[in-house]
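Below is one structure; the comments refer to it alone.
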């Protein structure tokens, strides 16, 4: 399979006090770099990172990685605009695209590998796979080249979630008990909850720069 991925990090992080949550560090590494490295290590050949708000602060965290960095000129239009920008930018010859968020602090290379395997093993005539954990839909999701094309051919307010809702028979929910897929960061309370589980996240020391 020729795998591509879109890593989304264009949001304003308003519930996080307007600080780019993907720059939170785990074990001294920014989450966005950590996630990008996991995708690459899992075999993603074509990785597009979409930035918007805070692009100047976030871009240096990706230095030296074999990724394409795009700037969404209108991040205020929401996640769909970033999804579509990323889908337009991955290789047109890819077999499937992983749509990934940059604020999932527990995602590991193995989690990506397992998801890619679930997509490879999906029921015939399904074109989008997402992890379902304890009844909750998780992330990342994997979509076929056909879904990529369908989204890009539709009007510009169609994103992955709407496509899923309109094409339920073509979607495979992959049952998993892996909490990594449903753990993300929206607020300071999420950081505190992870700390109680023994996972420390810290903001970068700007005084060191």
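Miscellaneous remarks
- Degrees separating the helix 79-89 axis from the principal Cα axis of the chain, which is the longest one: 70 degrees
- Degrees between helix 109-120 axis and first principal axis of the chain (Cα, 0 to 90, nearest 10): 10 degrees
- Rounded, prolate or oblate (a/c below 1.5 giving rounded, otherwise prolate when a/b exceeds b/c) for region 66-133 by Cα gyration tensor: prolate
- Using R0 = 45 Å, the C-beta based FRET efficiency linking residue 29 and residue 153 works out to 0.75.
- The protection proxy used here, the mean number of other Cβ atoms lying within 10 Å of each residue, ranks peptides 161-174, 138-151 as follows, highest first: 138-151, 161-174.
- Helix-only mean residue ellipticity at 222 nm for the chain, each DSSP H run of n ≥ 4 adding -39500 (n - 2.57), per residue, nearest 500: -8500 deg cm²/dmol
- Extension gain, residue 192 to residue 132, is 19.1 nm, computed as 0.36 nm per intervening residue step minus the present C-alpha separation.
- Virtual spin-label span in nm between residue 205 and residue 63, 7 Å along Cα→Cβ: 1.7 nm
- Anisotropy class of region 3-86 from Cα gyration tensor, a/c 1.5 cut: oblate
- Antiparallel %, DSSP beta bridges [both residues in the chain], to 5: 30 percent
- Crossing angle, helix 31-41 versus the chain [Cα axis fit, 0-90 degrees, rounded to tens]: 40 degrees
- Ranked by how many other Cβ atoms sit within 10 Å of their own Cβ, fewest first, the residues 50, 6 fall in the order 50, 6.
- Shape of region 109-186 from the C-alpha gyration tensor: prolate (a/c of 1.5 or more and a/b above b/c, with a ≥ b ≥ c the square roots of its eigenvalues).
- Among (i) 1.12; (ii) 0.98; (iii) 1.23, the entry that matches Cα Rg over 2.2 N^0.38 Å as calculated here: (ii)
- Beta bridges per DSSP with both ends in region 1-85, % antiparallel, nearest 5: 15 percent
- FRET efficiency for the residue 146 to residue 37 pair, using the beta carbon distance and R₀ = 45 Å, is estimated at 0.95.
- The distance linking region 70-118 with region 161-175 is 17 Å (Cα centroid to Cα centroid, whole angstrom).
Any read-out appearing in this document is the output of simple, stated calculations on the displayed coordinates, not a laboratory observation. Nothing here was measured: the structure is a model prediction, and the numbers come from that model. Cβ coordinates were reconstructed from backbone atoms using ideal geometry, including for glycine residues, and neighbour counts include every protein chain displayed.
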